[in-house]
């Protein structure tokens with residue numbers, strides 16, 4: 001369950017005597033308080049452990065007379081960065097990135113980019129690497145797009161959503177490396193943890209053993225989990241996945257016309273597998289249910305998870321994305337001659353007589369011209385700004401089939417620390433919520449602030465169309481029980 005030298009749970013409670021705790025290769029230190037009257041600690045050894053045996057640097061003898069254990073306290077611990085650099089996908093991503101800077105253009109282009117989310121920022125980053133001059137326009141006063149965040153009066157951050165980074169994200173992982181910020185990713189134990197709706201406060205785990213290569217580590221994780229799937233269900237599910245495993249990318253792409261639910265029926269996979277696993281996975285990936293989501297989306301993720309040993313391993317960013325991820329990209333862009341402009345909302349796409357883009361007209365009346373133009377925004381924004389002359393062009397008519405999914409992200413601040421939580425992303429398996437995390441234990445910046453004494457939980461609600469589109473006089477249905 002854990003990796004050597006890293007503690008993921010401590011049974012420590014009290015008011016006095018602060019001791020410092022280290023693993024064999026710690027990434028950062030944790031301070032835990034022990035009661036002078038009944039000091040206790042919890043340690044494990046072997047494959048079922050949570051970490052190595054804990055040692056406290058004190059000469060005071062500890063009493064062993066008490067048999068009553070205090071409640072388990074979960075603390076945030078970094079795991080070692082997995083070895084991603086030697087995977088095929090990472091090497092391909094690194095080679096592709098390096099290709100941008102191998103040849104310099106004879107005439108650098110001014111390229112105007114709409115949207116300073118990660119798509120727009122990374123586009124501008126690689127354009128300056130290729131020797132061009134990007135001009136990045138962001139409508140709002142904050143970077144990040146879907147990873148934007150705002151600081152409140154207490155100094156705590158409210159993020160647009162809950163974000164994690166998989167090992168199977170080769171381009172993003174390569175970007176972190178190029179910016180020199182790999183240390184800002186907090187890697188968690190290699191597990192997928194699902195809430196048990198019928199057993200509040202309990203979780204079911206899929207633990208990927210470090211000693212096994214892919215796909216054996218994933219197969220082992222599925223076989224060892226007995227709370228969610230029966231053995232007959234596991235066998236039928238495995239048989240149903242064989243065509244995807246053997247057929248590769250061509251098979252995956254051919255499944256785009258089938259929903260997750262339809263594909264499962266076609267492969268003879270029991271409905272309970274969809275109910276127990278893939279409702280949560282579908283909502284985590286696209287915030288919609290299995291009867292709406294294309295199976296291609298699920299198979300792309302599963303193929304990466306099954307083919308790469310660390311593909312399904314997750315990391316949290318150690319702080320708010322605008323400062324910890326977006327600003328290093330901005331600094332790179334600006335240091336190479338590019339521009340990033342906030343509060344630059346596009347009002348209209350102005351065209352030349354031949355139908356090509358002449359300029360972006362901003363709300364303040366100014367025009368931004370360039371040699372080329374890029375839209376890196378949600379599809380709904382492009383639909384609103386699409387010029388009338390383009391609406392009958394077959395290429396742009398395809399936009400009608402792309403529909404954005406409205407999502408509500410909620411920050412819940414509990415007035416004390418939660419007990420039934422984990423230093424990991426949690427799949428909720430509820431009708432409303434997709435995934436959530438207790439940021440006081442998953443994120444360094446939150447744990448070391450006063451907010452870390454409480455539990456700020458960041459859940460993401462599934463499609464919020466029913467709430468967003470409801471008349472103002474119609475209140476949303478109560479969901480406090482979730």
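The values are calculated or read from the model by the stated rules, or taken from the named source; none is laboratory data. Model, not experiment: these values are computed from the prediction. All Cβ positions, glycine included, derive from the backbone under ideal geometry; neighbour counts span all protein chains shown.
Identify all residues within segment 415-434 that are within 20 Å of residue 289 (Cβ to Cβ) and in a loop (DSSP other than H, G, I, E, B); write none if there are none.
Taking segment 415-434 and keeping what is within 20 Å of residue 289 (Cβ to Cβ), we get 425-434.
Across segment 415-434, the qualifying residues are 425, 428, 429, 430, 431, 432, 434.
Of 476, 471, which residue is in contact with a helix residue (DSSP H, G or I) (Cβ under 6 Å, 6 or more places away or on another chain), modelled with pLDDT under 80 and not in a strand (DSSP E or B)?
Only one candidate passes the filter, namely 476.
What is the number of the single condition among (1) surrounded by 15 or more Cβ atoms within 10 Å (Cβ to Cβ); (2) touching a residue at least 40 places away in the same chain (Cβ under 8 Å); (3) farther than 19 Å from residue 307 by Cβ that residue 256 does not meet?
(1)
Please note which strands (runs of 3 or more DSSP E) are completely contained in segment 109-209 and include at least 3 residues that are modelled with pLDDT of 90 or more and surrounded by 18 or more Cβ atoms within 10 Å (Cβ to Cβ). Can you show your working first?
On the way: elements: 110-114, 133-137, 149-151, 157-159, 185-187, 191-195, 203-207.
It comes to 110-114, 133-137, 185-187, 191-195, 203-207.
Within the bounds of segment 103-111, is there any residue that is touching a strand residue (DSSP E or B) at 6+ places or on another chain (Cβ under 7 Å), closer than 30 Å to residue 87 by Cβ and not assigned by TED's automatic domain parsing to the domain that holds residue 304?
No - not one qualifying residue is present in segment 103-111.
Right, residue 283: buried (at least 18 other Cβ atoms within 10 Å of the Cβ), under 21 Å from residue 191 (Cα atoms) and out of contact with any helix residue (DSSP H, G or I) (no Cβ under 7 Å at 6 or more places or on another chain) or not?
Against the criterion (buried (at least 18 other Cβ atoms within 10 Å of the Cβ), under 21 Å from residue 191 (Cα atoms) and out of contact with any helix residue (DSSP H, G or I) (no Cβ under 7 Å at 6 or more places or on another chain)), residue 283 qualifies.
Just a yes or no: is a residue in segment 208-230 within 22 Å of residue 375 (Cα to Cα) and not assigned by TED's automatic domain parsing to the domain that holds residue 378?
no
Across segment 211-243, what is the total count of residues that are within 27 Å of the chain's Cα centre (by Cα) and not in a helix (DSSP H, G or I)?
Going through segment 211-243 one residue at a time, the tally reaches 10.
As an exercise: evaluate residue 298 against (1) modelled with pLDDT of 90 or more; (2) surrounded by 18 or more Cβ atoms within 10 Å (Cβ to Cβ); (3) assigned to a loop (DSSP other than H, G, I, E, B) and give the number of the one condition it does not meet.
Of the numbered conditions (1) modelled with pLDDT of 90 or more; (2) surrounded by 18 or more Cβ atoms within 10 Å (Cβ to Cβ); (3) assigned to a loop (DSSP other than H, G, I, E, B), the odd one out for residue 298 is (3).
Based on what the data block shows, is residue 431 surrounded by fewer than 21 Cβ atoms within 10 Å (Cβ to Cβ), under 27 Å from residue 279 (Cα atoms) and modelled with pLDDT under 85?
For residue 431, the condition - surrounded by fewer than 21 Cβ atoms within 10 Å (Cβ to Cβ), under 27 Å from residue 279 (Cα atoms) and modelled with pLDDT under 85 - is met.
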